[in-house]
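Okay, structure first, notes after.
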Amino acid sequence: MHAPDDYCDGAPPGVGRRSLLRGAVLLGVGAAAGATALTTAAPALAQVSAPTIHNRAAWNARPPSSAVTIRNHRPNKIVIHHTATANQADTSLARAFSLSRGIQNHHMDTNGWIDAGQQFTISRGGHIMEARHQSLPTLQGGTSFPHGAHAGVQNSESIGIENEGTYTSVAPPAALYDALVHFCAYTCQQYQIPPSQIFGHRDFSATACPGNVFYGMLSQLRNDVADAIDGGGNGGGGDFEAIVDSTSGNFTASGNWGTSSWSSQAYATPYHFAEPVLSSDAAWFRANIPSAGTYQVDAWWPADPGYNNNTPFVVAASGGSETVHVNQRTNGGRWVSLGSFSLSAGTYNVVGVSRWTTGSGYVLADAVRIRN
Ligand SMILES: [Zn+2]
């Protein structure tokens with residue numbers, strides 16, 4: 001169910017735009033002599049409720065013509081498609097099920113594939129359906145997924161979502177978009193995929209999919225998914241939670257800090273990096289702390305062997321600054337606890353990343369989370 005210029009399977013990969021900064025960021029790998037890093041807590045992911053997902057039995061799917069391949073690892077990205085079908089007004093569940101059968105028939109009978117190519121389908125009414133065999137139970141399990149047929153070389157690494165309609169000149173309806181945000185947030189949670197790793201089909205294949213207008217909305221989608229994951233969490237047991245990333249107006253850094261979009265583990269792109277030096281020159285995350293009290297502070301960074309093994313995070317605690325060192329070569333792409341701190345009320349620079357370390361490699365400033 002793609003436009004004629006679409007090449008859903010076996011197409012050459014797109015230009016690797018994310019590789020442009022790779023050389024710069026990988027500089028700085030050096031000896032780690034004697035540096036010690038704080039042992040950090042296990043990742044604490046927010047809990048996003050599962051949306052209603054109609055399984056294959058619900059829409060009377062045909063069995064696959066041969067066994068689907070199960071990849072026994074987590075996918076690392078989500079690929080957004082449009083079906084390139086008419087933008088019809090029927091938002092019923094019956095229409096959504098009919099759409100699912102139509103896509104499966106097309107992929108099996110016309111394309112000759114073993115099953116529907118994508119893992120999931122969302123209708124214009126916002127109904128979410130399992131598509132390829134085993135997609136729903138593996139999503140619920142969070143450790144594996146069926147190899148798809150929707151995005152060329154990304155089929156072994158990604159979850160594909162077919163969104164009903166054609167979005168070259170109009171935006172998807174709110175019901176579809178809202179369901180997509182919820183579904184992506186849940187999928188990012190289940191597979192530990194950073195919200196920054198949501199792409200359009202055209203990022204990887206020579207295709208107009210998912211249409212110019214929808215493609216232009218993907219930055220907003222990434223932000224909305226990040227907010228949904230944020231809002232779904234209550235892991236601290238309190239009612240306050242703030243996430244500040246380095247693309248925010250609440251982030252400040254000197255001109256000595258560079259930006260990069262290279263790593264696929266970033267919370268938001270571009271993130272900031274700097275050479276270690278024996279002066280602070282900290283990059284700061286500002287937040288509005290509602291009342292004096294104890295808060296849990298977490299940090300998120302993309303990990304890489306070239307990043308710093310002893311990065312100082314400075315927390316502006318009410319009793320004076322406290323510094324926690326972390327190893328940014330590991331634990332990338334997840335929230336890592338820096339600890340609990342007493343914070344004063346008010347809007348101020350709460351968490352900083354200092355450049356003052358004897359560790360080697362770039363220090364990274366990506367995102368912090370503060371909650372009570
Ligand atoms: Zn597509």
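Work through the residues other than Ala61 whose Cβ is under 11 Å from its Cβ and net out their charges, Lys, Arg +1 and Asp, Glu -1. Residues near Ala61 contribute +2 overall. Charge dipole (Cα centre; +1 on Lys/Arg Cβ, -1 on Asp/Glu Cβ; no other charges) of the chain amounts to roughly 380 debye.
Secondary-structure-derived ellipticity at 222 nm for the chain, considering helices only, amounts to -5000 deg cm²/dmol, per-run term -39500 (n - 2.57) for DSSP H runs with n ≥ 4.
Note on the range 277-355: with charges restricted to the Cβ of Lys and Arg (+1) and Asp and Glu (-1), its dipole about the Cα centre is near 60 debye. 3J(HN,Hα) couplings calculated from phi for the range 139-148 with the Karplus curve 6.51 cos²θ - 1.76 cosθ + 1.60 (θ = phi - 60°) are, in sequence order, 4, 5, x, x, 10, 8, 6, x, 4, x Hz; Gly and Pro show x. When Ser263, Ser340 are sorted by how many other C-beta atoms sit within 10 angstrom of their C-beta, beginning with the fewest, the order is Ser340, Ser263.
Each label was represented as a point 7 Å from its Cα along the Cα-to-Cβ direction; for Leu218 and Glu322 these points are 4.1 nm apart.
Relative contact order of the chain, taken over Cα pairs closer than 8 Å and 6 or more residues apart, is 22 percent. Which net charge results for the neighbourhood of Thr83, defined as the other residues with beta-carbon distances under 9 angstrom from its beta-carbon, given Lys and Arg at +1 and Asp and Glu at -1? Result for the neighbourhood of Thr83: -2. Within the range 56-79, list the residues whose amide N lies under 19 Å from a label point set 7 Å along Cα→Cβ of Ser156. The answer is 67-79.
Each of Asn72, Gly361, Val225 was placed along the dipole of the chain (beta-carbon charges, centred on the mean Cα), and the one lying farthest toward the positive end is Asn72. Going from the fewest other Cβ atoms within 10 Å to the most, the residues Val170, Val213, Val324 appear in the order Val170, Val213, Val324. A crude spin-label estimate for the pair Phe240 and Trp356, with each label 7 Å from Cα along the Cβ direction, gives 2.7 nm. Summing Lys and Arg as +1 and Asp and Glu as -1 over all other residues whose Cβ lies under 9 Å from the Cβ of Trp335 gives a net charge of +1.
Each of Trp262, Pro172, Ile198 was placed along the dipole of the chain (beta-carbon charges, centred on the mean Cα), and the one lying farthest toward the positive end is Trp262. Judged by the gyration tensor of its Cα atoms, with axes a ≥ b ≥ c, the chain is prolate; a/c meets the 1.5 cut and a/b is the larger of a/b and b/c. In a fully extended conformation the segment linking Val277 and Thr294 would gain 3.0 nm over its present Cα-Cα distance, using 0.36 nm per residue. Percent relative contact order of the range 241-371, based on C-alpha pairs within less than 8 angstrom and at least six residues apart? Normalised by residue count, the contact order of the range 241-371 is 38 percent.
Between Leu93 and Ile70, residue separation times 0.36 nm minus the direct Cα-Cα distance comes to 5.4 nm.
GNM on the chain, alpha-carbon springs under 10 angstrom: the most fluctuating residue among Val68, Val297, Val353 is Val68.
Here, each number is a calculation from the coordinates, and none is a lab measurement. Nothing here was measured: the structure is a model prediction, and the numbers come from that model. Cβ sites come from the backbone with ideal geometry, for glycine too, and all protein chains shown count toward neighbours.
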